[in-house]
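Enquirer: Handing you this structure, nothing more for now.
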Ligand code: TMP
């Protein structure tokens, strides 16, 4: 079983690809569960509501809430699933904190790794798909998706999405053996095919 995460800016198509990969693996008989962060358990979902309600200016407070949600998520959903041999496919994980609270809001990365290790533990994704998209396309997509829940994280200028993208690409360079960058400006089926192929390479190693 594997712990797979999807990362990228809002509007990059993570949710669609999470669901396509899950269907693909289930149709091949692999047991898998889909989840997301912040969220995934009742307590983490409550913390998510707090985080999305209004912007928490202090990144330490925001990261502490995210870490508490992540601990609950790992303890009650991710770890028990992996122990039962179920693959976990998660929409966002610690990389999002490194980019949004760390690289974007200036929280010290060593401090974040330290807290993450102490509060959350050593669990790392087996593979991370970074859906990469130009900020101009992201803005266009966010404006088009009328039935999507728009929160303060979304209501940001192009420059914000640009620095989030750069942050993720930096992480992809640093953790190149784990993070696979996928060009998200392609038809959905092509993106999915690329993801299925990369996943099958993981299972062959
Ligand atoms: P979502 O729209 O992908 O569900 O996520 C909500 C927002 O939460 C998204 O804009 C990114 C933000 N976020 C962080 O700032 N740090 C984190 O660690 C995570 C998981 C999400």
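Enquirer: Which one of 155, 122 is within 13 Å of the ligand (Cβ to nearest atom) and without any contact (Cβ under 8 Å) to a residue 12 or more places away in the chain? Give the derivation first.
Expert: Values: 122 fails: within 13 Å of the ligand (Cβ to nearest atom).
Of 155, 122, the one residue that is within 13 Å of the ligand (Cβ to nearest atom) and without any contact (Cβ under 8 Å) to a residue 12 or more places away in the chain is 155.
Enquirer: List pairs: first residue in segment 83-112 and within 18 Å of residue 14 (Cα to Cα) and at pLDDT 95 or above, second residue in a loop (DSSP other than H, G, I, E, B) and near the ligand (Cβ under 8 Å from one of its atoms) anywhere in the structure, Cβ distance under 6 angstrom, at least six positions apart or on different chains.
Expert: Correct list of pairs: 92/37; 93/37.
Enquirer: Identify, please: which residue in segment 40-70 is away from the ligand (no atom under 12 Å from the Cβ) and within 23 Å of residue 88 (Cα to Cα) and is, among those, nearest to the chain's Cα centre (by Cα)?
Expert: 41
Enquirer: Those residues that are at pLDDT 95 or above and either within 13 Å of the ligand (Cβ to nearest atom) or surrounded by fewer than 18 Cβ atoms within 10 Å (Cβ to Cβ) (or both), I need them from segment 1-13; list them, please.
Expert: Going through segment 1-13, the residues at pLDDT 95 or above turn out to be 2-8.
Those that are at pLDDT 95 or above and either within 13 Å of the ligand (Cβ to nearest atom) or surrounded by fewer than 18 Cβ atoms within 10 Å (Cβ to Cβ) (or both): 2, 5, 6, 7, 8.
Enquirer: Among the numbered conditions (1) out of contact with any strand residue (DSSP E or B) (no Cβ under 9 Å at 6 or more places or on another chain); (2) in contact (Cβ under 8 Å) with a residue 12 or more places away in the chain; (3) surrounded by fewer than 19 Cβ atoms within 10 Å (Cβ to Cβ), tell me where residue 38 comes up short.
Expert: (3)
Enquirer: Still on this structure, I have one more. Hey, among 52, 65, which residue is at pLDDT below 95 and closer than 22 Å to residue 167 by Cα?
Expert: Values: 65 fails: at pLDDT below 95.
The unique qualifying residue is 52.
The values are calculated or read from the model by the stated rules, or taken from the named source; none is laboratory data. Since we're looking at a predicted model, the values are computed, not measured. Neighbour counts run over all protein chains shown; Cβ positions are idealised from the backbone, glycine included.
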